[in-house]
Ligand code: ZN
Ligand code: ZN
């Protein structure tokens, strides 16, 4: 029997760090061990959002896009894992004979309605219809820039993959008619074919409407290939959305040194609003060092205009930080949309 046909839900295991302090006593979830340090007043936050709604996007050159050749993805499995950036937090990971997507967003406008949505600034480097197949999808949390219902429906219709989601997110997918959903808690893992998926902490929040804040869990994900196909190499960490915190060091000590850390660098201004939920480029580097990662792939920039920094400022700031810390720039991948990194 094909290993991917086995229902993974019955095979979830707990890492020794497993705990439930991030389950809020009254229901829903909270960050742990970080306290909710800055919870800006709803009025101040609403004022910032209203200001953004009336801000017009300054003219800028579009983020470079490199088309992904579908034939390249349909060819034989690469000898070591390779990760393609599809824009924003969407990546395509080829590991063993699986094709795995993270936070697949392909829509031109994201948000609760087209009217209240945010427009995509780049072309997709490949369309869903051009993908040879998708075996597994990892979702980090329920925000619209990470959970795109139209893309999910299209992926399900074409490929019927396994969907791995943090606690509380399964009902959102099941309402869309998705069949094979596996919910996981932080510090849980399961073997799926020749890779292991690890659901790991992030410092963030959740919600798709006005009244569902933190009712579903947010997470980061680890992908570790089995020893047979990797000889212990090729581990990948996908951070989702996260502020800086001690979880990166905890993840390092659980998974071992990471080969490729996929880390967000955008949507970090203003700091009074973003600091506890999104790392800035300096903190992304700090996280990369905490993970003792071999390479970093910079994501969550250049695709949607979600915050106050200019659309192309995050990679420039990252470059300045790499130089000021005297780090080897060759270990940091700032790619065109559609570019790929080895793990
Ligand atoms: Zn988010
Ligand atoms: Zn995001």
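Residues in the stretch 332-343 that are closer than 30 Å to residue 55 by Cβ and in a loop (DSSP other than H, G, I, E, B): 334, 335, 336, 338, 339.
Once the stretch 144-166 is narrowed to residues that are touching a strand residue (DSSP E or B) at 6+ places or on another chain (Cβ under 9 Å) and part of a loop (DSSP other than H, G, I, E, B), the residue that is farthest from ligand 2 (Cβ to nearest atom) is 161. On the given criteria, is residue 40 within 16 Å of ligand 1 (Cβ to nearest atom), surrounded by 12 or more Cβ atoms within 10 Å (Cβ to Cβ), modelled with pLDDT under 90 and in a loop (DSSP other than H, G, I, E, B)? For residue 40, the condition - within 16 Å of ligand 1 (Cβ to nearest atom), surrounded by 12 or more Cβ atoms within 10 Å (Cβ to Cβ), modelled with pLDDT under 90 and in a loop (DSSP other than H, G, I, E, B) - is met. Any residue at all in the stretch 219-228 that is touching a residue at least 12 places away in the same chain (Cβ under 8 Å), more than 22 Å from residue 339 (Cβ to Cβ) and within 16 Å of ligand 1 (Cβ to nearest atom)? Yes, there is a match, as at least one residue in the stretch 219-228 is touching a residue at least 12 places away in the same chain (Cβ under 8 Å), more than 22 Å from residue 339 (Cβ to Cβ) and within 16 Å of ligand 1 (Cβ to nearest atom). Could you please find all residues in the stretch 267-283 being in contact (Cβ under 8 Å) with a residue 60 or more places away in the chain and under 10 Å from residue 308 (Cα atoms)? 270, the sole residue that qualifies.
Based on this model, can you work out whether residue 200 counts as crowded, with 21+ Cβ neighbours inside 10 Å, touching a helix residue (DSSP H, G or I) at 6+ places or on another chain (Cβ under 6 Å) and closer than 23 Å to residue 264 by Cβ? So residue 200 passes the test.
Residue under question is residue 260, and the condition is that it be crowded, with 20+ Cβ neighbours inside 10 Å, under 20 Å from residue 341 (Cα atoms) and more than 15 Å from ligand 1 (Cβ to nearest atom); does it hold?
Values: crowded, with 20+ Cβ neighbours inside 10 Å: yes; under 20 Å from residue 341 (Cα atoms): yes; more than 15 Å from ligand 1 (Cβ to nearest atom): yes.
So residue 260 fits the description; yes.
Residues of the stretch 300-324 that are under 8 Å from residue 266 (Cβ atoms) and surrounded by 24 or more Cβ atoms within 10 Å (Cβ to Cβ): 300, 301, 302, 314.
In the stretch 43-74, the qualifying residues are those that are modelled with pLDDT of 90 or more and in a loop (DSSP other than H, G, I, E, B), and the one that is farthest from residue 311 (Cα to Cα) is 69. Provide a single number: the residues in the stretch 237-278 that are away from ligand 2 (no atom under 16 Å from the Cβ), under 13 Å from residue 203 (Cβ atoms) and in a loop (DSSP other than H, G, I, E, B). The number of residues fulfilling the criteria is 2.
Might you check whether a residue that is over 28 Å from residue 43 (Cβ atoms) and at pLDDT below 95 occurs anywhere in the stretch 289-300? So far as the stretch 289-300 goes, no, none of its residues is over 28 Å from residue 43 (Cβ atoms) and at pLDDT below 95. Suppose the filter is away from ligand 2 (no atom under 16 Å from the Cβ) and modelled with pLDDT of 95 or more; does residue 284 pass it? Against the criterion (away from ligand 2 (no atom under 16 Å from the Cβ) and modelled with pLDDT of 95 or more), residue 284 does not qualify.
With closer than 24 Å to residue 209 by Cα and either surrounded by 20 or more Cβ atoms within 10 Å (Cβ to Cβ) or within 16 Å of ligand 1 (Cβ to nearest atom) (or both) as the only criterion, which of 136, 140 stands out?
On the way: 136 fails: closer than 24 Å to residue 209 by Cα.
The conditions single out 140.
For the structure I just gave you, tell me whether residue 314 is within 14 Å of ligand 2 (Cβ to nearest atom) and in contact with a helix residue (DSSP H, G or I) (Cβ under 7 Å, 6 or more places away or on another chain). So residue 314 fits the description; yes. Kindly indicate whether residue 173 is touching a strand residue (DSSP E or B) at 6+ places or on another chain (Cβ under 8 Å) and not in a loop (DSSP other than H, G, I, E, B). The answer is yes for residue 173. For residue 182, all conditions in the list (1) surrounded by fewer than 24 Cβ atoms within 10 Å (Cβ to Cβ); (2) within 16 Å of ligand 1 (Cβ to nearest atom) hold save one; what is the number of the exception? Among (1) surrounded by fewer than 24 Cβ atoms within 10 Å (Cβ to Cβ); (2) within 16 Å of ligand 1 (Cβ to nearest atom), the lone unmet condition for residue 182 is (2). Scan the stretch 298-331 for residues that are touching a strand residue (DSSP E or B) at 6+ places or on another chain (Cβ under 8 Å) and assigned to a loop (DSSP other than H, G, I, E, B) and the total you get is 7.
Against the test of being more than 16 Å from ligand 2 (Cβ to nearest atom) and part of a strand (DSSP E or B), the options 234, 209, 222 yield a single qualifying residue, 222.
Within the stretch 270-293, restricting attention to residues that are in contact with a strand residue (DSSP E or B) (Cβ under 7 Å, 6 or more places away or on another chain) and over 16 Å from residue 118 (Cβ atoms), which residue is farthest from ligand 1 (Cβ to nearest atom)?
Top of the filtered list is 293.
Checking each residue in the stretch 279-297 for being part of a loop (DSSP other than H, G, I, E, B) and more than 21 Å from residue 85 (Cα to Cα) picks out only 292.
The values are calculated or read from the model by the stated rules, or taken from the named source; none is laboratory data. Note that the structure is predicted; figures quoted are calculated from it, not measured. Counting neighbours? That spans all protein chains shown, and the Cβs are built from the backbone with ideal geometry, glycine included.
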